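Participant: What follows is a structure written as C-alpha cells; I'll ask about it next.
The values are calculated or read from the model by the stated rules, or taken from the named source; none is laboratory data. Small disclaimer: the values here were computed from a predicted structure and weren't measured. Heads up, the Cβs are rebuilt from the backbone with ideal geometry, glycines too, and the neighbour counts pull from every protein chain shown. Heads up: the accessible areas ignore ligands, DNA and RNA and are worked out on the full protein's heavy atoms, side chains in. Shrake-Rupley method; radii C 1.70, N 1.55, O 1.52, S 1.80 Å.
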Amino acid sequence: VPLTLAIIQGFKVEVAGEIYILPLDAVVECLELPREETAAGAPFGVVALRGKPLPYLRLRRHFGAAGEAPARENVVVVQHGSHAAGIAVDGLHGESSTVIKPLGAMFRGIPGVAGSSILGNGRVALILDVGGLLRETLRRAAREVAA
C-alpha cells in the first residue's frame, strides 16, 4: 500500500460503455442535450443555457469511441477558472470518492486526461482534465465561429 494516496470527489459519466471521472469541484450542473443537437452528431457545438451560448465537446468523438451515440445524450456543464463549457456524454452515474492512480509513461500527454482510477468492478476509468477539455472545446468553437 502506498504511503500517500490522492483521493478526490469525482463525478462518473459513461461514453460507449466506458466510465470516465470528472473532478466534482469542476461540475456545475447536468442537462439533457436538445434532440436537434443529438441528431446532428457533430464533435462539438453550442447549446443555449439560460439564454447564453455554451460550447460543448462530445466526449465520444474526442476519444474516438466506437458505436452510435444513444438517442438521449446529457451535457455536464463544467467550469475551470472563469471559463465554462459542456461535455456531452451518454450517461450520468453520479458522484463517488476516487483514488487517483498516475498514468504510465505511454499515456502521459493525452489531451484531457489527468490520471486513472480502478473502479469497484476492477475496470480502469480515466480521470479527465477539465482545464484541458475546456481549452479544446473553446479552441474548436472559436475555429468554427471564425470559419
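Participant: Average projected area of the Cα convex hull of segment 89-147, in nm²? Don't jump to the answer; show the numbers that get you there.
Facilitator: Numbers: hull surface 22.6 nm².
Quarter of the Cα hull surface area: 5.6 nm².
Participant: When the chain is fully extended, how far beyond the present Cα-Cα distance does VAL124 get from ASP25, taking 0.36 nm per residue of separation?
Facilitator: 33.5 nm
Participant: Next question. Just the number please: accessible area per residue for the chain, 1.4 Å probe, all protein chains included, in Å². Don't jump to the answer; show the numbers that get you there.
Facilitator: Details: 8210 Å² over 147 residues.
I get 56 Å² per residue for the chain.
Participant: Go through ARG58, ARG140 and list them by solvent-accessible area, largest first, probe radius 1.4 Å.
Facilitator: Result of the area sort, largest leading: ARG140, ARG58.
Participant: Taking R0 as 35 Å, what's the FRET efficiency between GLU36 and SER96 from their Cβ-Cβ distance, rounded to 0.05?
Facilitator: 0.60
Participant: Could you give the Stokes-Einstein D for segment 45-101 in µm² per second, using the C-alpha Kirkwood radius, 20 °C, 1.002 mPa s?
Facilitator: Working: Rh = 13.0 Å.
Here the translational diffusion coefficient equals 165 µm²/s.
Participant: A further question follows. Given just the C-alpha atoms of the chain, how large is their convex hull per residue in cubic angstrom?
Facilitator: 129 Å³
Participant: Net charge near ARG35, counting Lys/Arg +1 and Asp/Glu -1 over other residues with Cβ under 11 Å of its Cβ? Present the calculation step by step, with values, prior to reporting the outcome.
Facilitator: Working: positive: ARG72; negative: GLU32, GLU36, GLU37, GLU73.
Taking every Cβ under 11 Å from that of ARG35, the sum is -3.
Participant: Loop only by DSSP, 11 or fewer other Cβ within 10 Å of the Cβ. Give me the chymotrypsin sites (Phe, Trp or Tyr not before Pro) in segment 11-109 that pass, ordered by residue number.
Facilitator: Taking segment 11-109 and a limit of 11 other Cβ atoms within 10 Å, no loop chymotrypsin sites (Phe, Trp or Tyr not before Pro) are found.
Participant: Run the accessible area of the chain with a 1.4 Å probe and give the carbon-and-sulfur part as a rounded percent.
Facilitator: 57 percent
Participant: Can you tell me the 0 to 90 degree angle between the C-alpha axis of helix 130-146 and the longest principal axis of the chain, rounded to 10?
Facilitator: Approximately 20 degrees, to the nearest ten.
Participant: Points 7 angstrom from Cα along the Cβ direction at ALA66 and MET106: gap in nanometres?
Facilitator: According to this spin-label approximation, the distance is 1.8 nm.
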